[in-house]
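Trainee: Below is a structure I'd like to ask you about.
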Amino acid sequence: VSKQRSGPRAKAEPASAFKAPEAKQPAVKQAKPSLDDKNRPAGIERPVAVDDLKLISGVGPKIEGTLHSLGIYTFAQVASWKKAERDWVDAYLSFHGRIERDDWVKQAKALAKGGVAEYIRVFGKKPV
């Protein structure tokens, strides 16, 4: 003979109320855009004198090398990029919006127009 407890009884939770911890899904790596894409900025043959693209904040030696491999050597080229071209380069470099955040086009326009002096006039500091 079993004794019954006195007092309120705790309600049993249905098994469906308990969730198993969710397994993390691996981040889906987006494929680089095609080099034949219509939004790829036009490249040029390497000119005799190339601009130091590293003067643009966010462009280091590795990124400059990648830009060169795409035929991008001058501030004027970067300054002329339209939204679709910026998006293409951003995806190609896997930058997730960095070109817009760092405003490469505005920096390149200043550098193309008047070099470091114009950059200082526009941004109030030397390029990094």
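Trainee: With charges set only on the Cβ (+1 for Lys and Arg, -1 for Asp and Glu), what does the dipole of the range 42-123 come to about its Cα centre, in debye to the nearest 20?
Mentor: Dipole magnitude for the range 42-123 comes out near 160 debye.
Trainee: Separate question: Please arrange 96, 68 by counting, for each residue, the other beta carbons lying within 10 Å of its beta carbon, fewest first.
Mentor: 96, 68
Trainee: What order do you get for 99, 120, 63 when you list them from fewest to most C-beta neighbours inside 10 Å?
Mentor: By the 10 Å Cβ count, ascending, the order reads 120, 63, 99.
Trainee: What's the exposure ranking of 73, 119, going from fewest to most Cβ atoms within 10 Å?
Mentor: Ordered from fewest to most neighbouring Cβ atoms within 10 Å, 73, 119 come out as 73, 119.
Trainee: Extent of the range 42-123 along each principal axis, from alpha carbon coordinates, in Å, largest to smallest?
Mentor: Each principal axis gives a Cα extent; for the range 42-123 these are 31, 30, 22 Å.
Taken together, the values in this text are just the output of simple stated rules run on the coordinates, not laboratory data. What you see is a predicted model; the values in this text were computed from it and never measured. Heads up, the Cβs are rebuilt from the backbone with ideal geometry, glycines too, and the neighbour counts pull from every protein chain shown.
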